[in-house]
1. Within the stretch 45-53, identify whether any single residue is over 25 Å from residue 201 (Cα atoms) and open to solvent by less than 80 Å² (accessible area, probe 1.4 Å), and answer yes or no.
2. On the basis of being surrounded by fewer than 16 Cβ atoms within 10 Å (Cβ to Cβ) and either outside any loop (DSSP other than H, G, I, E, B) or at pLDDT 90 or above (or both), does residue 112 make the cut?
3. Any idea which of (1) surrounded by fewer than 19 Cβ atoms within 10 Å (Cβ to Cβ); (2) under 18 Å from the mean Cα position of the chain (by Cα) is the one residue 165 doesn't satisfy?
4. For the stretch 35-58, which residues satisfy the criterion of being assigned to a loop (DSSP other than H, G, I, E, B), more than 17 Å from residue 193 (Cα to Cα) and free of Cβ contacts under 8 Å to residues at least 24 places away in the same chain?
5. Specify which of the listed residues (175, 122) is open to solvent by 90 Å² or more (accessible area, probe 1.4 Å), assigned to a helix (DSSP H, G or I) and modelled with pLDDT of 90 or more.
6. Looking at (1) modelled with pLDDT under 90; (2) under 19 Å from the mean Cα position of the chain (by Cα); (3) under 18 Å from residue 85 (Cα atoms), which is the only condition residue 144 fails?
7. If you go through the stretch 134-180, how many residues are under 30 Å from residue 65 (Cβ atoms) and either among the acidic types (Asp, Glu) or in contact with a His (Cβ under 6 Å, 6 or more places away or on another chain) (or both)?
8. Can you tell me which residue within the stretch 33-61, out of those that are at pLDDT 85 or above and of a type in the set (A, V, I, L, M, F, W, C), is farthest from residue 90 (Cα to Cα)?
Amino acid sequence: DIALIEEVRNASNIAFMQKSLNELEERLTGTKIYKETSGKNSWQEWIYKNNWMFGASYVQPIEKQKIGFDNIPDFIFPTIDGFIDILEIKLPTHEVIKKDESHAGSYMWTSKASEAIGQAVNYLHEIELNQLQIQKKIKYKYSLDLLVIKPRVFILVGNSAAWDNGHKEALRKLNYSLHGIEVITYPDLQNRAKQTIKLYEK
C-alpha cells in the first residue's frame, strides 16, 4: 500500500528531525565546547549534516576544491529547484548586534557579525564574476544543471534566547539592509526546524 509506505517514511523523517532538534538543544545548553570548523563535532560539520533546519531542501553539498575556485565557501548547497545557497557557520557564543551608543535606540553589527557579512559579500562577488565557469564545473564534476544566479547566504551566528523585542526588531531591520544575505541566530534556526517538523506532521 503506497499510502502506508509514505506514512512510514514520513514518520521516520519526523523521528530523525526531532532527534536532530534535541541534539541542537543539548549542544546549545550543555557544558561541552564545540569548535567552529575543526573536528567531527564542530558546529560547521553538524549544521552541514542538518541543513534541512534552514527550511530549504538541499541535495548533496558541493566542495569548492572539486570545482577549482579559491574565493568561495568550503561548500555550496544546491537547492532542489536548481539554484544554490551558501551557509556560513559561526559560533553561538559570538555576539551579533550591539547598541549604537552614538544614536539613541539604534543598534549595529558587532565586529564578528560584520566580518562574517564581509566574507559573504566577497563570496557573492566571486560567484557572480565566475558564474558560467562555476556552472560548467558543477555540471562536469557532479552532472548537475544548476543556475548559479543570485545565491542566498545564510549566516548562522549568536544566541538570541535572552533577547528583548528591541534586539529582535533591530536584527530584522539590519537584515533588511542586506542584499541576498540573512543573519540568523541559533534559536532562530531552532524555530525554523520546529516549523519544518510541524509541516511534516500535517
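The values are calculated or read from the model by the stated rules, or taken from the named source; none is laboratory data. Here the structure is a predicted model, which means the values were calculated and not measured. Here Cβ is always computed from backbone atoms with ideal geometry, including for glycine, and neighbour counts include all displayed protein chains. For the accessible areas, the whole protein counts, side chains as well, though only heavy atoms, and no ligand, DNA or RNA atoms are used. Shrake-Rupley method; radii C 1.70, N 1.55, O 1.52, S 1.80 Å.
1. yes
2. No; evaluated as a whole, the condition is false for this residue.
3. Of the numbered conditions (1) surrounded by fewer than 19 Cβ atoms within 10 Å (Cβ to Cβ); (2) under 18 Å from the mean Cα position of the chain (by Cα), the odd one out for residue 165 is (2).
4. Matches in the stretch 35-58: 35, 38, 39, 40, 41, 42.
5. None of the others qualify; the one that does is 122.
6. Just one mismatch for residue 144, condition (2).
7. Qualifying residue count for the region: 3.
8. Within the stretch 33-61, the match that is farthest from residue 90 (Cα to Cα) is 52.
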